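All of the numbers you see were taken from the coordinates with simple rules; none came from a lab. Remember, it's a predicted structure, so these values are computed and weren't measured experimentally. Positions of Cβ are generated from backbone atoms using ideal geometry, with glycine treated the same way; all protein chains shown enter the neighbour counts.
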Amino acid sequence: MSSSYHKLIPAAALALSLGAVPISTAVAQTQVPAASAGEQPQRYTLGGITVSGARYLDPNTLIGLTGLKVGDPITIPGEEIGKAIRRLWDQGILGDVSVSIARTEGSRIFLDFNLKERPRLSKFEFSGIGKSQADELKNKIKLIRGKVVTDALLSNTRTQVRKFYTNKGFLDSKVTITQVPDSSLSNSVVLNIKVDKGSKVKINDIQFEGNTAYSDGKLKGKFKKTKEKKFPKLFNSGKFQSKEFEEDKAKLLEFYNSEGYRDAVVVSDTLERIGDALRLTVKVDEGPKYYFRNITWKGNYLYDDKTLASVLGIKEGSVYSKETLDKRLNYNPTGQDVTSLYMNDGYLFFQIEPVETKVEGDSIDIEMRLTEGVQARIKDVNIAGNTKTSDHVVRRSLYTLPGDKFSREQLIRSQREIATLGYFDPEKIGLNPVPNQADGTVDINYTVEEKPSDQITLSGGWGGYAGFIGTVGLVFNNFSLRKAGTLRNWTPVPAGDGQRLSLNVQANGLQYQAYSFSFTEPWLGGRKPNSLSVSLTKTIYRLGTNFDAETGSFLKTNGASVSLGRRLRWPDDYFTLSNALSITQYKLNNYTALGSEFFPNGTGNANNITFNTTLSRNSIDNPTFTRRGSSLALSVNLTPPYSLFPGSSPSVGEWVEFHKWMFDASWFSPVVGKLVLNTRAHFGFIGTYNSSRPIGPFERFKLGGSGLGYGGSANFIAGTEYIGLRGYADPGDASTSPLPTSITGTNGSSGGVVYNKFVMEMRYPVSLNPAATVYVLSFAEAGNAFERYSEYNPYKLYRSAGVGARIFMSAFGLLGFDYGWGFDKVPIYTPGQKQDKGIFHFIIGQQIR
């Protein structure tokens with residue numbers, strides 16, 4: 001029989017039933033039948049549970065969250081109800097919970113949980129800040145519409161906003177969050193987040209205490225991100241961020257450790273507020289400076305102590321440095337280390353542990369404990385990520401083959417070879433050796449990420465005497481002739497076999513036209529890196545408006561070349577040797593631009609048969625942004641010595657004669673961090689076999705500008721070598737008045753027969769993203785070219801310096817901008833006038849040589 005009379009339980013009993021749940025936070029009431037004074041708690045059987053007040057939450061789910069089940073024994077008052085309330089409250093979705101007895105039937109009791117749901121978030125908005133910062137904050141705090149507005153959500157939002165402004169130097173920022181009911185949605189609120197940034201507070205003073213070995217200035221320099229904001233340090237932010245400060249303290253201790261102070265510690269750090277600025281005080285305990293004393297070896301059988309000590313390169317009395325020790329033992333980027341000595345000979349399971357056996361005064365004895373293990377053989381080589389490039393193109397570049405001994409050196413070399421293919425992002429080439437010590441083998445897993453490698457050129461430019469020239473060019477760097485016979489592979493062209501196909505058209509109406517085609521197979525036959533290249537060219541350049549084939553003034557050329565190249569094994573396998581045979585036919589009609597001394601009346605034919613051999617060595621690590629390595633090339637062009645043949649005339653005739661020698665060298669060295677130094681040297685010489693025969697107008701050198709050349713299309717047709725020299729005008733640049741010559745000689749009409757050039761560049765990457773690799777540079781260079789050997793002086797150089805930037809985009813190749821200032825005066829046509837101003841240069845598709 002149900003009871004119709006109810007009485008509220010006393011507050012003390014209610015507190016007992018609620019346990020640790022504070023009454024002020026979760027208002028909970030439990031109604032029970034009246035009891036006589038001193039009556040003990042009663043036991044019931046739970047007959048049923050109902051939920052009231054829940055509009056959006058599922059009642060059955062809420063009942064399940066209480067942990068109570070029909071049929072459970074329950075004590076009134078007792079701890080079961082307190083636990084049930086805590087379970088509901090811990091979900092963070094309720095603003096109020098009360099429990100009442102709906103009815104009793106004998107020993108059975110029926111409970112009703114009356115709930116008040118927390119509001120849900122409909123939207124949020126900022127006030128007190130600008131739109132850009134509001135948008136940035138929205139991405140950081142990530143409030144989701146429809147989420148229950150809990151105390152934790154409000155606290156976390158407040159913390160995130162304050163942290164955002166603290167990182168910007170606003171240490172006094174205040175955040176107030178107001179809940180405004182949303183009239184358009186039931187049980188929903190709009191959060192108004194009001195921000196008062198306050199004044200920006202920056203570090204204006206960093207002090208050190210306890211340092212005697214190094215000055216404050218030296219130690220401040222070891223902080224990379226925690227900097228003072230005061231004159232003249234205009235580019236330092238002065239912000240204090242605790243996470244970055246912890247990283248800087250670690251760098252400070254790394255510096256001390258590398259200088260022998262292995263016991264150095266940061267005792268304390270204090271941040272003081274002084275007005276609108278901060279003073280950071282860092283107290284250090286440097287401890288004594290230590291030195292290496294005795295270094296002994298244990299467990300070595302393959303190499304004796306003397307050999308290992310020579311590779312380690314640390315002598316008794318050297319400053320104790322954990323950093324140096326680790327490099328010499330495990331990975332030394334500038335030379336050999338002990339681990340490489342073993343791993344390059346297959347000992348993948350090699351381990352070495354340096355143990356300090358004695359510390360006496362300022363000296364430390366170390367015992368090197370080695371476990372040499374067994375030689376590992378490569379079992380499987382796996383490649384993943386090459387969605388476009390065929391497996392065999394990657395595999396033929398690898399130096400880690402199944403069955404070979406493991407070699408860390410060959411593993412790194414393989415990574416370099418994959419990068420130099422140009423088909424993958426060089427920053428994302430992964431290599432992961434997976435050793436299996438049980439059978440002494442290792443699997444090598446390479447991962448790559450394809451990047452666009454084909455290029456398209458659609459451009460227009462001013463080509464000197466020819467005026468405006470339009471260019472359409474296509475370069476497919478990963479072409480596949482093998483797949484060309486299947487229509488489905490043309491998407492848009494068959495690709496994946498590493499062949500190179502190039503098509504290029506330049507034209508300026510009927511006045512100037514140039515067509516070129518080339519094809520390169522880098523692995524002729526597919527077994528060895530023997531390359532085959534074939535190219536065809538055709539050009540025509542007309543002067544004036546008379547285009548008649550008989551009376552007009554024009555220069556036409558037809559050319560073809562074939563080249564074979566192979567990789568050498570001696571002196572090392574970075575060397576390549578290529579040989580090429582080219583034939584070019586020149587036809588002139590009433591054309592005097594190449595000089596009447598060579599072609600009287602500007603009419604005649606010339607044939608150029610040239611044999612070229614080039615010996616080169618390339619060990620750079622990355623063709624897009626190189627950090628280390630070198631590139632060397634010696635090239636010789638030879639025509640038959642016609643003037644030495646019996647009965648020949650020493651004058652210039654139908655057959656072009658010369659010998660041409662060129663040497664180019666480029667070295668890359670990391671300086672600090674990502675900063676790289678590039679030094680280059682270039683030399684060129686051209687001559688004839690017969691001293692009585694003048695050097696012809698073909699294949700000469702012109703220095704100046706970007707190296708693109710503006711001396712008229714005739715100079716391109718004549719094979720003129722344009723050598724960039726930033727800070728000086730391009731040779732024959734018609735945009736300058738009066739018209740400057742090239743640096744060559746006094747009039748520069750034909751170009752030089754000898755040149756030399758030297759360059760120093762400092763490069764720093766801004767972005768290494770394969771879609772657009774960007775780096776900035778500063779340069780200093782000097783060079784000169786001479787029309788006659790009698791004028792040659794290797795010390796007479798035109799010097800310049802400047803700054804620039806390079807952008808490499810896969811679809812368009814290289815784009816560059818330079819501003820250079822020439823320090824030396826260059827003669828021009830008008831006597832007394834000199835070039836003494838800075839010049840901008842634009843580079844496309846090539847590096848400045």
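Taking the alpha carbon gyration tensor of the stretch 103-235, multiplying each eigenvalue by 5 and rooting it gives semi-axes of 49, 22, 10 Å, largest first. Computed 3J(HN,Hα) for the stretch 521-536, one whole-Hz value per residue from the Karplus formula 6.51 cos²θ - 1.76 cosθ + 1.60 where θ = phi - 60°, is 10, x, 10, 5, x, x, 9, 10, x, 9, 9, 10, 10, 10, 9, 10, glycine and proline marked x.
Do the alpha carbons of any pairs in K131/K225; K140/K174; K289/K327; K142/K224; K131/K674; K556/K757 sit beyond 26 Å of each other, and which pairs? As for pairs spanning more than 26 Å Cα to Cα, those are K131/K225; K142/K224; K131/K674; K556/K757. Between rounded, prolate and oblate, where does the stretch 239-355 land on the alpha carbon gyration tensor, with a ≥ b ≥ c its root eigenvalues, rounded for a/c under 1.5, else prolate if a/b exceeds b/c? Prolate. Taking θ as phi - 60° and the Karplus parameters 6.51, -1.76 and 1.60, the scalar couplings of the stretch 397-403 work out to 8, 7, 10, 10, 10, x, x Hz in sequence order, x denoting glycine and proline.
Gyration tensor analysis over the Cα atoms of the stretch 377-447 returns equivalent ellipsoid semi-axes of 21, 12, 11 Å (largest first, whole Å). For Y290, nonlocal amide neighbours, meaning residues 5 or more places apart or on other chains whose placed amide H falls under 5 Å from its own, are Y261, R262, Y320. Rounded to whole numbers, the Karplus 3J(HN,Hα) couplings from phi for the stretch 632-647 are 10, 8, 10, 10, 10, 10, 10, 9, x, x, 4, 5, 8, 6, x, x Hz, using 6.51 cos²θ - 1.76 cosθ + 1.60 with θ = phi - 60°, and x at Gly and Pro. Taking 0.36 nm per residue of sequence separation and removing the Cα-Cα distance, the N607/L487 pair yields an extension gain of 39.0 nm.
For K69, a cut-off of 23 angstrom between C-alpha atoms picks up these lysines, skipping any fewer than 8 places away in its own chain: K83, K116.
Pairs over the 24 Å Cα-Cα cut-off, from the set K163/K249; K163/K239; K168/K218: K168/K218. Listed by chain and number, the lysines placed with their C-alpha closer than 26 angstrom to that of K388 are K379, K428, K451, K483, K528; residues fewer than eight positions away on the same chain are left out. Counting Lys +1, Arg +1, Asp -1, Glu -1, what net charge surrounds G403 among other residues with beta carbon under 12 Å of its beta carbon? Spelling it out: positives minus negatives among the neighbours equals +1.
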